[in-house]
Amino acid sequence: MGSGTREWGRAERRRAFFPFLLSLFGLVLSEQIRYRIPEEMPKGSVVGNLAKDLGLSVHELPTRKLRVSSEKPHFAVSAESGELLVSSRLDREEICGKKPACALEFEAVAENPLNFYHVNVDIEDINDHTPKFTQNAFELQISESTKPGARFILGSAHDADIGTNSLQNYHLSPNDYFSLVNKEKLDGSKYPELVLKKPLDREEQKSYYLTLTALDGGNPPLSSTAQIEVLVTDANDNPPVFSQDIYRVSLKENVSPGTTVLRVMATDQDEGINAEITFAFSEADQITQFGVDSRTGVITVLSTLDFEEVKDHSMVLEARDGGGMIAQCTVEIEVLDENDNIPEVIFQSLPDLIMEDTELGTYIALLKVRDKDSGDNGEVTCKLEGDVPFKILPSSRNTYKLVTDGILDREHTPEYNITITATDRGKPQLFSSIGVTFRIGDVNDNTPVFNQASYAVHVSENNPPGSSITQVSASDPDLGSNGLVSYAIVASDLEPRTLSSYVSVNTQSGVVFAQRAFDHEKLRAFELTLQARDQGSPSLSANVSLRVLVGDRNDNAPRVLYPTLGPDGSALFDTVPRAAQPGYLVTKVVAVDADSGHNAWLSYHVLQATEPGLFSLGFRTGEVRTSRALGDKDAARQRLLVAVRDGGQPPLSATATLHMIFADSIQEALPELSDHPTLSDQQTELQFYLVVALALISVLFLLVVILATALRLRRSSSPTTWDCFQPGLCSKSGPGVLPNQKEETLPYSYNLCVAQTGTTEFNFLKCSEQLNSGQDILCNDSPGALFPLCNPSESTSHPVSFLKT
Ligand SMILES: *[C@@H]1O[C@H](CO)[C@@H](O)[C@H](O)[C@H]1NC(C)=O
Ligand SMILES: *[C@@H]1O[C@H](CO)[C@@H](O)[C@H](O)[C@H]1NC(C)=O
């Protein structure tokens, strides 16, 4: 600028000297005409009096025709005054740009004589341009880590003017952090440099707004401003920071993989990549069960957690920003127990058999319960299901004893299926059951039991020896040999020595055999005590009585007790008073039959009589009565042959002969007895009977003849009489009919009771007519009684008893 100023001063001086020189040297100097004008003069402004400076007078002007010759006519010459005038706008910056000196050179031409004059017009700068920034606002990024003293070149402003009018200075709005230094380039242009005075902290203030002012040196100076925004850029000066140092979370076990556990949060005050945080588990930890999303910090479960395996997980999680700074936090995950394990029951010992005589409270088995869960989820209670004679008692922790709690009976329940249920206290409760079968062992606790309380069997006498008569059977519900029954005869009312000759029993089958033929007449009944014994140890036995009733067969013929021959073989006589009335009881045939029942039911029949019709014989009673009075023709001595028949099938019979003597006293009878030697007696009797029979036949014939004659007479007078005489028509009223003789149905009830003792035999016969009542006679045959008790229901019976030797 100093040189510019100098030039300005020289031009001024030239301009001041120029007219003077011109006048001195005339035409010689005419070529050196020089003017100096400021730029931007208005059109028509006078630059200088050219004519005068050329030495031309005003008068000469019209002839000389002074004018400017130029391609670009910036100037014109006034024809009247010869002054040089500005004819167009003169902008120095346009014409000369940044050149320090700006001169317009042209020729002035004068005619008559033609002369050329060289004119030089210097155009001086005026401060017509303001300094201009290329932008109104600038942005400057400065890292916060920049040290104080650092310089930043700012955008410069431009001023078209030159010299002092050009840009001279920059100013910065006052602030604490920045200052400005004006710098000059080699070409002389100025530029501003920003200097950092103090360290910046982006985290404190992110930006600063400064105003840069450019000033030129004009008078007055012109200025313009530009806004500078200083953006403090981030330096990775902050590590990431977790929102918590320790993250604690509780998580139920068995959460499905993929479940979000928690989200860790970390912040970084830096920005951009420096604040870009990525998360990862610390390498050292070898975490496999959890995963972390490196961007979001969300921790998820990768595989199922098991409380029973690991209860607590502790992990170190790192957050790393883009600048590589690291922060760490601890994640603690507590796994909460879920009731996911079923309690178990385990039998520690199991017996093969439980004997049925096991006492109450006997220890049977030990069982353990197990639940891998903890707390309430692992607290197990044990229960025995159902109604069984066992119970469980807690023994020690999680151990139970199974003991008997009732009476065991193998025969009733041979085995028990017991179920033990273990239940924990979790929510929901879990349980499991175990079933075991306990077999009950047999003990010989059951006595054999006979199928009947007592047995009675009827055996007909004369049975074949060795035949089976009955079978007894006893059952024993015990097992094996405890229930294996054998039979024996242990007692009887028979003579012990003879017992084995009577009966025997098969030990296995209980079949009772008769060892001999029984005789009803000797032994009507006997009683055995049979024993059934099992093979247990000790064995148990039961007794039963077997009563053998020997049935009667008609094997005994009736035996006549009276009349009998005397001890010397002589016959006994019954005396009948001569004056005996009809119906007089002469004697009684007494017979017995060792059989019983029908077999002993005797009937009496007359086979032969000395005087038929003189005596009647009671059919059942055997009573001999006179049926009419004794006549003169009747022999004093009478004989009656009587047959005694029993009711058996076929009947058996015996005969008896009765001797009767009609006499009023023994003395009278005696001769009769002695007169008749026993040897000839039978012959005379026979003869007597023949005579009697002949006489009877004769009488009968006579009777028939008489009867026939009478009937004939009756028929001739009344023919109907003969009809009635035919058999069957009038039999009811026929006088000769004897109904009692023909009757088969017995009008008598009877009974024969025989009691036997070892030495003496009593036969007790009792018969009664029971025509009215038809009642049976009760007969109690008790072995202890000497005489059996027989209750007749009629008082009209005639018991006769006697001793038989
Ligand atoms: C016990 O269980 C077994 C097998 O399930 C079965 O055969 C038997 O009948 C059961 N016994 C009882 C007494 O329930
Ligand atoms: C069975 O009878 C025998 C002989 O009389 C006797 O010794 C035994 O005690 C009886 N047994 C029972 C169980 O009654």
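None of the figures in this text is laboratory data; all of them are computed from the coordinates on show. Here the structure is a predicted model, which means the values were calculated and not measured. Backbone-built Cβ (ideal geometry, glycine too); neighbour counts: all protein chains shown.
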In square nanometres, what is the average projected area of the Cα convex hull of the stretch 132-239?
-> 7.0 nm²
Amide hydrogen neighbours beyond the local backbone of Q638, cut-off 5 Å, H modeled | M660, I661, F662
Computed on Cα atoms, the radius of gyration and Dmax of the stretch 247-324 in angstrom are 13.9, 45
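Tell me, what is the FRET efficiency for D568 and E668 to the nearest 0.05, using R0 = 22 angstrom and their Cβ-Cβ distance as r?
Working from the Cβ atoms, E equals 0.45.
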Using alpha carbons only: equivalent-ellipsoid semi-axes of the stretch 559-664, gyration tensor based, whole Å | 26, 15, 11
What number comes out for the charge environment of D285, summing +1 per Lys or Arg and -1 per Asp or Glu over other residues with Cβ under 14 Å away?
-> -4
Report the equivalent ellipsoid semi-axes for the stretch 449-551 in whole Å, largest first, defined as the square roots of five times the eigenvalues of the gyration tensor built from alpha carbon atoms.
-> 27, 12, 11
Mind listing which GluC sites (Glu not before Pro) in the stretch 286-352 are in a DSSP loop and have 12 or fewer other Cβ atoms within 10 Å?
-> E309
Amide H contacts under 5 Å for Y584, placed H, 5+ residues apart = T626
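Could you compute the net charge surrounding P465? Neighbours are other residues with a C-beta less than 13 Å from the C-beta of P465; K and R count +1, D and E count -1.
-1
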Which GluC sites (Glu not before Pro) from the stretch 198-267 combine a DSSP loop assignment with at most 16 other Cβ atoms within 10 Å?
-> E203, E204
Residues whose modelled amide H sits under 5 Å from the amide H of D159, counting only those 5 or more places away in sequence or on another chain, are K132, L167
Between the alpha-carbon centers of the stretch 176-229 and the stretch 499-563, tell me the distance in whole angstrom.
-> 153 Å
Residue by residue, what Karplus-based ³J(HN,Hα) values in Hz, rounded to whole numbers, does the stretch 121-135 have, using 6.51, -1.76 and 1.60 with θ = phi - 60° and x for Gly and Pro?
-> 10, 7, 9, 8, 6, 10, 7, 9, 10, 8, x, 10, 7, 5, 9
Over 23 Å (Cα to Cα) among K99/K190; K43/K190; K132/K190 -> K43/K190
Indicate, rounded to the nearest 5 percent, the antiparallel portion of the DSSP beta bridges found entirely in the stretch 449-551.
-> 75 percent
Sequence neighbours fewer than 8 away in the same chain don't count; with that in mind, list the aspartates and glutamates whose C-alpha is under 13 Å from K198.
-> E144, D176
Cross-link partners of K588 among lysines (Cα-Cα below 20 Å; sequence separation of 8 or more within a chain) | K766, K804
Apply the Kirkwood formula to the stretch 77-121: the hydrodynamic radius equals the inverse of the mean of 1/r over all pairs of different alpha-carbon atoms; give it in Å with one decimal.
-> 12.5 Å
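Please state, to two decimals, what the Cα-based radius of gyration of the stretch 344-440 comes to when divided by 2.2 N^0.38 Å (N = residues).
1.13
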For the stretch 559-664, percent of DSSP beta bridges that are antiparallel (nearest 5) comes out at 85 percent
Using a cut-off of under 19 Å, list every residue of the stretch 82-98 whose amide N is near the label point 7 Å from the Cα of V46 along the Cα-to-beta-carbon line.
-> 82-88
Whichever lysines have a C-alpha closer than 22 Å to that of K252, once near sequence neighbours (fewer than 8 apart) are set aside = K311, K372, K427
When DSSP assigns beta bridges and you keep just the ones with both residues in the stretch 129-235, what percent turn out antiparallel, to the nearest 5?
-> 80 percent
